[in-house]
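The values are calculated or read from the model by the stated rules, or taken from the named source; none is laboratory data. These figures come from a predicted structure and were not determined experimentally. Note that each Cβ is placed from the backbone with ideal geometry, even for glycine, and that neighbours are counted across all protein chains shown.
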Amino acid sequence: MHPFDDDATVGGMTPEQFRALGHRAVDWIADYLAGVESRGVLSESKPGEVYDALPESPPETPDDWDAAFADLDRVVMPGVTHWQSPSFFGYFPCNGSAPAIIGELLSAGLGVQGMLWQTSPACTELEMRVLDWMAELIGLPDAFRFDRSDRKGGGVIQGTASEAALIALVAARRRSIDAGADPASLCVYTSTQAHSSIVKAAMIAGLARDADDRARVRLIETDDEHRMRADALASAVRSDLDAGRTPCFVSATAGTTSSCAFDPIGDLARAIDDADPAFFGGPRGWLHVDAAYAGAACVCPEFRWMLDGVERADSVCFNPHKWLLTSFDCDCFWVRDADALTRATSVTPEYLRNQASDAGAVVDYRDWQAPLGRRFRALKLWLVLRHFGAEGLRAYIREHVRLGEVFESMVGADDRFELAATRHLNLVCFRFRDDAAGSSERADAATAELMRRVNATGRALCTHTRLAVAGGERYVIRFCPGATGVRERHVRDAWALFQEHAGAAIAAGSA
Ligand code: PLP
């Protein structure tokens, strides 16, 4: 049958063919996820291996689905690192779940492109409502909700926290320029521990030439707990004002990437007030809160303290795709003043004009993001919230925090190791003690070697960072039990691996 025969009514297949292949794909996913625990977590693929295993040219004639599924197993799977493995403890997790996968499938099935309200009202309005729900679930102030802020504020789904930071910075730049600032004078502030996406946003927005350009980007010192120092922020703001520059954008982090530290948002806002009354008073400046990972924990009231002061923020984001069971990509991003955002991004060619937009009666999400087009991502978040309920999400987060505590106590009970930072939520940062390895440098080498050995077993995957420990920047393993299927036995098994390889790692590190 030709793919465009009249009975190929489901996107180039008959409904029967699609049903059969759809079942096969869902079976494949179910088998994969049910068995992912037994796979080596880290892909052992060498550079170029997957590329070379694929034909140089695309098929000229329709290919066979049996062959495609066979190649999925033969060519693709060896090059996959199993982020959904319960023994994936690296970076921050990238949670998936059955309702989110079903949401992705439904979104692809509908094939909606939701750039304008008019191009699918449900795509926009479901997203608006789900973002209001999420704001309620993590305890954000009403100013960030559509339904409680007279539509001044509201939320949107971005692909990533990096995109959220970029769009916040672009809005901040526009607001400062509207307030009379010289575009060449605008300055950005974040901490030395902030995610690289903030500097990257400054590069893309034209406020930094490259990653090391500090002419208008300030990386503010942190305290012993890796939190941005409010006094250091105030003095940086003052010295820029004295030099005729304009403080434009401050990004605070709730849950830094290296150690999950929490910047004191309220103290930072007060420090800005003191140093530059026009920042909030204009308003000219913009305070963004990047809670990419840790924001998910705010579904539990006992963790909401990390967002104390968020009522002073202009925008805030977190990624349900990291730790809230919503398959990549899904970043919830809220703004207090949606006008400031759309003033910075809205361009309306004739071909996008329509009655609803012209009447100003609707939200057009194309103006809340960098691209024009957008997927129906709210479906997956909606289904996740419905499937687990707030109660289920809270239980899930609390269990992962408990697993972090379990791992922390095992590290603490072995005197060869030390915690390299206070544990926050479920992130444990640890390393060999200097005296276990002989010196700081040897402890660094041994810690790196330990991680390499453990990862090479394929039975667990961790990643590293460098953190200030006793005056030096030291090599540290980050252990984050946050995969959807992680259980206490996976955490205990991982610790047994660390112990098994510790002696050899110390010997190799001292060699
Ligand atoms: N901000 C923080 C604190 C992060 O930890 C990360 C990634 O781990 C990001 C931003 C970037 O996230 P994304 O991949 O969504 O851009």
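From the list A20, A34, pick out the single residue that is modelled with pLDDT of 95 or more and farther than 30 Å from R487 by Cβ. Walk me through how you get there before you give the answer.
Working: A34 fails: farther than 30 Å from R487 by Cβ.
Result of the check over A20, A34: A20.
Looking only at segment 30-57, how many residues end up being part of a helix (DSSP H, G or I) and loosely packed, with under 15 Cβ neighbours inside 10 Å?
Total meeting the criteria: 9.
Output the residue which, of all residues in segment 215-226 that are within 16 Å of the ligand (Cβ to nearest atom) and surrounded by fewer than 20 Cβ atoms within 10 Å (Cβ to Cβ), is nearest to T465 (Cα to Cα).
For segment 215-226, the residue satisfying everything is E225.
Name the one entry in D142, D150, D231, D212 that is loosely packed, with under 15 Cβ neighbours inside 10 Å and closer than 19 Å to L268 by Cβ.
Exactly one of D142, D150, D231, D212 is loosely packed, with under 15 Cβ neighbours inside 10 Å and closer than 19 Å to L268 by Cβ, namely D231.
Under 8 Å by Cβ, and 6 or more places apart or on different chains, what pairs join a residue from segment 174-195 that is within 15 Å of D240 (Cβ to Cβ) and in a loop (DSSP other than H, G, I, E, B) with one that is of a type in the set (S, T, Y) and at pLDDT 95 or above?
A181/T246; D182/T246
Is it true that some residue in segment 408-424 is over 16 Å from S258 (Cβ atoms), part of a helix (DSSP H, G or I) and aliphatic (A, V, I, L, M)?
yes
Between a first residue in segment 324-337 that is closer than 15 Å to Y293 by Cα and a second residue that is of a type in the set (S, T, Y) and within 12 Å of the ligand (Cβ to nearest atom), which pairs have beta carbons less than 8 Å apart while being 6 or more apart in sequence or on different chains?
D329/T160; D331/T160
In segment 9-29, which residues are under 19 Å from I102 (Cα atoms), in a loop (DSSP other than H, G, I, E, B) and more than 34 Å from the chain's Cα centre (by Cα)?
Correct list: V10 only.
Using the structure shown, decide if L110 is buried (at least 17 other Cβ atoms within 10 Å of the Cβ), among the hydrophobic types (A, V, I, L, M, F, W, C) and in contact (Cβ under 8 Å) with a residue 60 or more places away in the chain.
no
Could we say that A446 is modelled with pLDDT under 95 and farther than 26 Å from G159 by Cβ here?
Taking the combined requirement at face value, the residue does not satisfy it.
Could you count how many residues in segment 288-323 are within 23 Å of V170 (Cα to Cα), more than 14 Å from the ligand (Cβ to nearest atom) and out of contact with any Gly (no Cβ under 9 Å at 6 or more places or on another chain)?
Here the count works out to 1.
Among the residues of segment 196-220, what is the count of those that are farther than 16 Å from W286 by Cα, in a loop (DSSP other than H, G, I, E, B) and of a type outside the set (A, V, I, L, M, F, W, C)?
Our first condition is that a residue be farther than 16 Å from W286 by Cα; within segment 196-220, this holds for 196-197, 200, 203-204, 206, 208-215, 219-220.
Within this subset, residues satisfying the condition of being in a loop (DSSP other than H, G, I, E, B) are 206, 208-215.
Among the residues that remain, those that are also of a type outside the set (A, V, I, L, M, F, W, C) are: 206, 209-210, 212-214.
The total comes to 6.
So that you can scan it fast, the table gives a plain yes or no per residue for (1) among the basic types (K, R); (2) closer than 30 Å to D132 by Cβ; (3) at pLDDT below 95:
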residue	(1), (2), (3)
R216	yes, no, no
E221	no, no, no
G281	no, yes, yes
A291	no, yes, no
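Read through the list (1) under 23 Å from D178 (Cβ atoms); (2) surrounded by fewer than 24 Cβ atoms within 10 Å (Cβ to Cβ); (3) within 16 Å of the ligand (Cβ to nearest atom), then give the number of the only condition that W334 fails.
(2) is the only condition that W334 fails.
If you go through segment 251-270 one residue at a time, how many are of a type in the set (G, A, S), out of contact with any Asp or Glu (no Cβ under 7 Å at 6 or more places or on another chain) and more than 16 Å from the ligand (Cβ to nearest atom)?
1
What pairs come out if I take residues in segment 154-171 that are touching a residue at least 60 places away in the same chain (Cβ under 8 Å) and pair them with residues that are part of a strand (DSSP E or B) and away from the ligand (no atom under 12 Å from the Cβ) whose C-beta lies under 6 Å away, six or more apart or interchain?
Pairs that qualify, where the first residue is touching a residue at least 60 places away in the same chain (Cβ under 8 Å) and the partner is part of a strand (DSSP E or B) and away from the ligand (no atom under 12 Å from the Cβ), are G155/W334; A168/S315; L169/F249.
Among (1) in a helix (DSSP H, G or I); (2) crowded, with 24+ Cβ neighbours inside 10 Å; (3) not acidic (D, E), where does A236 come up short?
(2)
Are any of the residues in segment 160-171 surrounded by 20 or more Cβ atoms within 10 Å (Cβ to Cβ), away from the ligand (no atom under 16 Å from the Cβ) and either within 21 Å of Y293 (Cα to Cα) or under 23 Å from the mean Cα position of the chain (by Cα) (or both)?
Checked against the condition, which is being surrounded by 20 or more Cβ atoms within 10 Å (Cβ to Cβ), away from the ligand (no atom under 16 Å from the Cβ) and either within 21 Å of Y293 (Cα to Cα) or under 23 Å from the mean Cα position of the chain (by Cα) (or both), segment 160-171 yields at least one hit.
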